[in-house]
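Reviewing the structure listed below.
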Amino acid sequence: MKKKFPMLSRDKATSSVNLEASETQHPSESIKVVDYELLETDPGIRPPISSYHPDIHNEVRKAYLKIGRHQPPHNFVYPWSLKGNQRRRFGKNWLDLYDWIDYSESKDLAFCLPCFLFKNVSKYGGDHFVTEGFSDWKNSQRLANHATSSNSHVDCVHMSYALMNPNQSIKAAFVNQTKQMNSEYRVLVNTSLIATKFLLRCGMPFRGSDESFNSLFKGPFLELVDTLKKINPKIANVIDCALGNNFMTAPTIQKDLVAACACEITQQIVCDIADDVFCVLIDESDDVAGKEQMTAVIRYVNSEGFIKERFLEIVSVKETSAKSLTEALKKLLSINGLSLSSIRGQGYDGASNMRGKFGGLRTLIQNKNPSAYYVHCFAHQLQLALVACAKTHKDVSGFFGKVNMLVSIISFIF
């Protein structure tokens, strides 16, 4: 089957007219479909690559590269030209010396085939060997300079080779290397993610007291990663060949993975609520560093009719005043696509900043949403009852005191 390329006439005069018209031709008016066998090969009269439609530029370039350089017949007599008082002409041996030269019999000029094909792509050099042609036969050294000193020529030669050998080009090698790096990166991330999800599901800690290479126990996370290496040879090969800073097991990476899992779980909880009403359970506490925090839990009925109680988030607050807690709650609900107007119940402890009738958290919320009814937390009421009973019985009080001391000692040791 005959392959189609932009149609060009063999007639010299017609081709010259096409060459002049192509310089100002709009891309929408450029040649789109012609016959491969009718491509003009004489470099002096062939139209530039820009005269063809952009969609078939590479196809035309391939066609010219398959045809090869335009060389006159062996019996062709190169014409003499008078340069001052000396007669000069094109050297036939130059065709063997430079594998990029195109000679035009009609114009008696030399051109560069790679530059003709890719000059509009390269950002270097001029158009002397593309449109004007070379005829300074006396200064043949300029031919050698064009091949060795012209950045544009070197670029065009490389692009010609890459077009005809796509699988061996630098770009193809880079793409293949990038694909391999992406694949190995996915293996590293997935391994760390599997370990993260397992520890989160089990409620286990991540870090160990000694995470050095020779440690007998590096911590749950690193030990689990080592176990996955032993089970899966592919994981072992990727991790062993990874760079020292690309194991994807650093503490910061662990925190990022935990944050990503938390975000996904929160989104699932929000989707389970499905724009329905819910209740909030809030309590304030201090972290290890003594910073104030607000813990938020949501209780709702899902689409299947089951009552769900899900932990939402721990939010750091500047202070535990009612106003500060209200702003933190509004921001938390807004981030997760929820609203104060959907709250139908509030459950807090009996502190004044939480249940106060004039300036407490429940009052500030009810001022904006009267349907958010308040209930004193039953767990807190039970705790108050147990504390009151323990104070009146010395044996019970002593038991809880010893338990508290024992927990403190064990926490200090481990």
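The values are calculated or read from the model by the stated rules, or taken from the named source; none is laboratory data. On a predicted model such as this, the values are computed, not experimentally measured, just so you know. All Cβ positions, even for glycine, are placed from backbone atoms using ideal geometry, and neighbour counts span all protein chains on display. With ligands, DNA and RNA removed, areas are computed over all heavy atoms of the protein, side chains included. Shrake-Rupley method; radii C 1.70, N 1.55, O 1.52, S 1.80 Å.
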- Task: Go through the residues of the stretch 349-364 one by one and say whether even a single one is within 50 Å of the chain's Cα centre (by Cα), more than 22 Å from Ile314 (Cβ to Cβ), in contact (Cβ under 8 Å) with a residue 12 or more places away in the chain and surrounded by 12 or more Cβ atoms within 10 Å (Cβ to Cβ).
- Result: yes
- Message: Kindly evaluate Asp55 against the criterion of being farther than 15 Å from Ser160 by Cβ, out of contact with any Lys or Arg (no Cβ under 8 Å at 6 or more places or on another chain) and open to solvent by 10 Å² or more (accessible area, probe 1.4 Å).
- Response: no
- Query: Is the stretch 176-184 home to any residue that is open to solvent by less than 70 Å² (accessible area, probe 1.4 Å) and modelled with pLDDT of 85 or more?
  - Reply: yes
- Message: Can you report the number of residues in the stretch 385-414 which are part of a helix (DSSP H, G or I) and within 54 Å of the chain's Cα centre (by Cα)?
- Response: 11
- Task: Would you check if Ser334 is polar (S, T, N, Q), open to solvent by 70 Å² or more (accessible area, probe 1.4 Å), modelled with pLDDT under 90 and not in a loop (DSSP other than H, G, I, E, B)?
- Result: yes
- Note on the structure: Those residues of the stretch 257-277 that are of a type outside the set (Val, Ile, Thr), farther than 17 Å from Val189 by Cβ and in contact with a helix residue (DSSP H, G or I) (Cβ under 6 Å, 6 or more places away or on another chain) come to a total of 0
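Residues are listed down the side, and each one gets a yes or a no for (1) closer than 24 Å to Arg186 by Cβ; (2) loosely packed, with under 14 Cβ neighbours inside 10 Å; (3) polar (S, T, N, Q):
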position: Cys202; (1), (2), (3): no, yes, no
position: Ser215; (1), (2), (3): no, yes, yes
position: Ile239; (1), (2), (3): yes, no, no
position: Lys255; (1), (2), (3): yes, yes, no
position: Ile282; (1), (2), (3): no, no, no
- Message: Just checking, does the stretch 135-154 include any residue being closer than 18 Å to Arg46 by Cβ and at pLDDT 85 or above?
- Response: yes
- Task: With respect to Lys368, determine if the residue is in contact (Cβ under 8 Å) with a residue 24 or more places away in the chain and either surrounded by 15 or more Cβ atoms within 10 Å (Cβ to Cβ) or at negative phi (or both).
- Result: yes
- Query: What about Thr252, is it over 25 Å from Tyr348 (Cβ atoms), more than 28 Å from the chain's Cα centre (by Cα), of a type in the set (Ser, Thr, Tyr) and outside any loop (DSSP other than H, G, I, E, B)?
  - Reply: no
- Within the stretch 318-329, track down each residue that is open to solvent by less than 90 Å² (accessible area, probe 1.4 Å) and either more than 18 Å from Gly359 (Cα to Cα) or not in a loop (DSSP other than H, G, I, E, B) (or both). Ala322, Ser324, Leu325, Thr326, Ala328, Leu329
- Query: In the stretch 189-236, how many are assigned to a helix (DSSP H, G or I) and of a type in the set (Gly, Ala, Ser)?
  - Reply: 3
